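The values are calculated or read from the model by the stated rules, or taken from the named source; none is laboratory data. Owing to the predicted nature of the structure, the values given are computational and were not obtained by experimental measurement. Here the Cβ positions follow ideal geometry from the backbone for every residue, glycine too, while neighbour counts run over all protein chains shown. The accessibility values were calculated without ligands, DNA or RNA, using every heavy atom of the protein model including side chains. Shrake-Rupley method; radii C 1.70, N 1.55, O 1.52, S 1.80 Å.
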Amino acid sequence: MAVLRIHTFPDPLLTRTSERIAEIDGRVAGYVADMVETMYAANGVGLAAPQVGLLERAIVVDTDSENRGLAPLCLLNPEVVEAEGDITWEEGCLSVVDYTAEVQRSARVLVSGWSVDQEEVRIEATGLKAVCLQHEIDHLDGKLFLDHLSPLKRGLYRKRLKKIKRSGELPDDGVPRI
Ligand code: NI
């Protein structure tokens, strides 16, 4: 297993659409294991394959703060099949340096996908887990949480990013990165 480099905004790779995984084999299981390791090493609660430079539809999620590391959820070709209600959540992202913002998403989702053991999986989620699943699936479609914000807010973030890059400082605000 290996910790992979995480691509960050404004890397154009993050705007591309990932391919469906046609065959779940050892190669896929291998990079999914690396993604899990990378997510924990970066202290994130979710990670999508394009964030580590792989344009394939794979995500890993672990929102269980009490049993962290025990059962990471790894989903291949995930799709939201049901969504209802609204929830607003303060989101951060491992690919968006030093910025969080409130994003509105569905409050409950049913997500289908496949495990690395080639089994079909259905996950029902609410709260942070629902937010995280929608956020990661967005990554597979080349979308960041920034794309849910107004152009004004996005512009402010670009300015702030320039400032951060100049100063070289990364403040820690305690919001989980997904
Ligand atoms: Ni993210």
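Y157 meets each of the listed conditions (1) within 16 Å of the ligand (Cβ to nearest atom); (2) assigned to a strand (DSSP E or B) apart from (2).
Kindly indicate whether any position in the range 46-64 is out of contact with any helix residue (DSSP H, G or I) (no Cβ under 9 Å at 6 or more places or on another chain) and in contact (Cβ under 8 Å) with a residue 12 or more places away in the chain. No, that holds for no residue.
Just one residue in the set A49, A42 is within 14 Å of the chain's Cα centre (by Cα), open to solvent by less than 20 Å² (accessible area, probe 1.4 Å) and within 25 Å of V175 (Cβ to Cβ); that residue is A49. Counting residues in the range 107-130 that are within 13 Å of the ligand (Cβ to nearest atom), of a type in the set (S, T, Y), under 17 Å from the mean Cα position of the chain (by Cα) and not in a helix (DSSP H, G or I) gives zero. Annotation note: of K143, K163, the sole residue that is loosely packed, with under 15 Cβ neighbours inside 10 Å and either within 16 Å of the ligand (Cβ to nearest atom) or in a helix (DSSP H, G or I) (or both) is K163. Inside the range 139-162, residues that are in contact with an Asp or Glu (Cβ under 8 Å, 6 or more places away or on another chain) and over 27 Å from I59 (Cα atoms) make up a count of 1. The residues in the range 80-98 that are open to solvent by less than 30 Å² (accessible area, probe 1.4 Å) and either more than 15 Å from the chain's Cα centre (by Cα) or small (G, A, S) (or both) can be counted, and the count is 3. Within the range 40-99, the set of residues being away from the ligand (no atom under 15 Å from the Cβ) and polar (S, T, N, Q) comprises S65, N67, N77, T88.
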